[in-house]
Amino acid sequence: MQHKVLLFDLDGTLTDPREGITRCVQFALARQNIRIDDLARLECFIGPPLKDAFMQFYGMDDACAWQAVTDYRERFARDGMFENRPYDGIRDLLAALKRGGRQLFVATSKPWFFARKIVAHFDLDGFFSNVYGSELDGQRAEKHALIAHILREEKLRAADVLMIGDRRFDLIGAHHNGIASAAVGYGYGSREELLAEHPAYFFESLAEMRRTLVV
């Protein structure tokens, strides 16, 4: 069986977190007197490490970005993490993959502390051998470091692993570690962004992913 092990990104791949993430970013920016009414302007925060996104998109220095992360997490822990929904069909896909003998993991830049609560809240935890994420201090927030950590911890062969995600960070992290990558077109990365990283697969929909991976 090719790709016995599948690493799934969380935001934009397993679940649609748009409402929670954008509202929490809006809240954090307001704490720094930056008022954003159009939540669509904040969708760029879905995918990249949060601190890096505050620095890139709003020109914050290191200290201000960490304060924004702290403010974001205040609302996220209270409300934002569950302003979220699994994509239609994801449960059936995961069940079919597991029945077919695949080993599944979550690999997200989100802190594992939150990721595990989200996966359990939506009753998806039974499909995954483990849920991996960053530390609250930002350690392993970059996808290449996270994937390297998973490969070491689980003693996985790179040739057996496929990373599935909706942003270039997922694909770059996979390539950095010598594993295959699959891009999904229903999340938050543009087709242009994803194809520029030359993924082994491009799935426009969950149905297409299922047709390819469920054997």
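What follows is calculated from the coordinates using simple rules that are stated; it is not laboratory data. These numbers were taken from a predicted model, which means no experiment stands behind them. Positions of Cβ are generated from backbone atoms using ideal geometry, with glycine treated the same way; all protein chains shown enter the neighbour counts.
Here are the numbers for the structure shown:
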{"item": "Top positive-direction residue, dipole computed over the stretch 18-82 with Cβ charges, set Ile46, Gln32, Gly20", "result": "Gly20"}
{"item": "Estimated Rh, the stretch 66-132: Kirkwood, alpha-carbon pairs, angstrom", "result": "13.1"}
{"item": "Tail weight of P(r) past 18 Å, computed on alpha-carbon pairs of the stretch 134-191, percent", "result": "34"}
{"item": "Per-residue Cβ neighbour rank within 10 angstrom, fewest leading, Tyr188, Tyr201", "result": "Tyr201, Tyr188"}
{"item": "Order of Thr15, Thr108, Thr212 - criterion: other Cβ atoms within 10 Å of each residue's Cβ, fewest first", "result": "Thr212, Thr15, Thr108"}
{"item": "Counted charge near Glu192, where neighbours are those whose Cβ lies closer than 13 Å (Asp, Glu -1; Lys, Arg +1)", "result": "+1"}
{"item": "Two-decimal ratio, the stretch 18-82, of alpha-carbon radius of gyration to 2.2 N^0.38 Å", "result": "0.97"}
{"item": "Degrees separating the helix 18-31 axis from the principal Cα axis of the chain, which is the longest one", "result": "30"}
{"item": "Cα-centred dipole magnitude for the stretch 39-80, charges only on beta-carbon of K, R (+1) and D, E (-1), debye, nearest 20", "result": "140"}
